Amino acid sequence: MRKISVCLMAVALAVLVAGAAQASTIQVGFNPSAPTVAAGGLFSVDVVADIPTDASIVGFGFNLVFDPDQVKLQDVAGGPLWDVLWDPDLFPAEYIPAFLAAGPNSPEFVTGNDVLLATLYFSCLGLGTSNLSINVDPEDFTQGFIGPSTAGLLDGQYRDWAVTPAEITQTEAVIPEPATLLLLASGLGGLAAARKRRRR
């Protein structure tokens with residue numbers, strides 16, 4: 001009987017530990033998660049994260065993954081809490097590093113739901129579909145989701161994370177037909193003539 005009780009307690013402890021580890025995973029996603037864009041057009045996508053209170057962060061770094069034949073990254077803007085150090089002249093264009101913005105009202109660390117990490121600005125190069133995701137190089141200490149440290153900037157804990165990729169669909173740009181433009185012009189002309197008659 002005692003062995004059964006010990007086994008049950010061990011199983012319960014394992015379940016609790018697994019549940020606690022699962023609760024500490026940062027969930028990263030994109031908004032919108034499935035944009036449809038006309039070829040040649042510009043569009044933006046927000047990188048957002050749900051950061052549990054027991055997985056607070058002070059910085060992050062990740063690589064964007066997308067099809068460079070379909071879309072081109074034009075610019076990156078940090079969310080309101082972050083100083084994004086994106087510079088395609090210094091780093092690969094797909095690498096996005098960021099740390100908490102300095103200032104008197106800046107938090108010591110970040111937690112919360114739908115935390116805006118960055119806004120990505122793309123141009124659409126062609127027709128088709130491109131997945132958009134992130135990854136990190138475990139050998140690069142500047143990549144990952146970095147928790148608060150006690151001694152130095154980069155000695156914090158690296159947080160567990162998961163990502164839900166986005167799918168970008170590029171379609172043909174809609175060009176109005178000449179007959180549609182003629183119909184629109186004649187309708188506007190008719191409205192102008194009717195308005196002129198009323199004034200008399």
First in the range 68-93 and without any contact (Cβ under 8 Å) to a residue 24 or more places away in the chain and under 29 Å from Thr111 (Cβ atoms), second anywhere and among the aromatic types (Phe, Trp, Tyr) and open to solvent by 50 Å² or more (accessible area, probe 1.4 Å), Cβ under 7 Å, 6 or more apart: Asp83/Phe99
Identity of the residue in the range 57-83, among the aliphatic types (A, V, I, L, M) and more than 23 Å from Thr25 (Cβ to Cβ), that ends up surrounded by the fewest Cβ atoms within 10 Å (Cβ to Cβ): Ala77
Filter pass, Asp50 being touching a helix residue (DSSP H, G or I) at 6+ places or on another chain (Cβ under 7 Å), modelled with pLDDT of 90 or more and under 15 Å from Gly147 (Cα atoms): no
Meets criteria (open to solvent by 70 Å² or more (accessible area, probe 1.4 Å) and closer than 20 Å to Ser24 by Cβ) for Asp54: yes
Given (1) open to solvent by 60 Å² or more (accessible area, probe 1.4 Å); (2) under 21 Å from Pro35 (Cα atoms), index of the condition Glu108 fails: (2)
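The values are calculated or read from the model by the stated rules, or taken from the named source; none is laboratory data. Nothing here was measured: the structure is a model prediction, and the numbers come from that model. Cβ atoms come from the backbone with ideal geometry, glycine included; neighbour counts cover every protein chain shown. All accessible areas refer to the heavy atoms of the entire protein, side chains included, with ligands and DNA or RNA removed. Shrake-Rupley method; radii C 1.70, N 1.55, O 1.52, S 1.80 Å.
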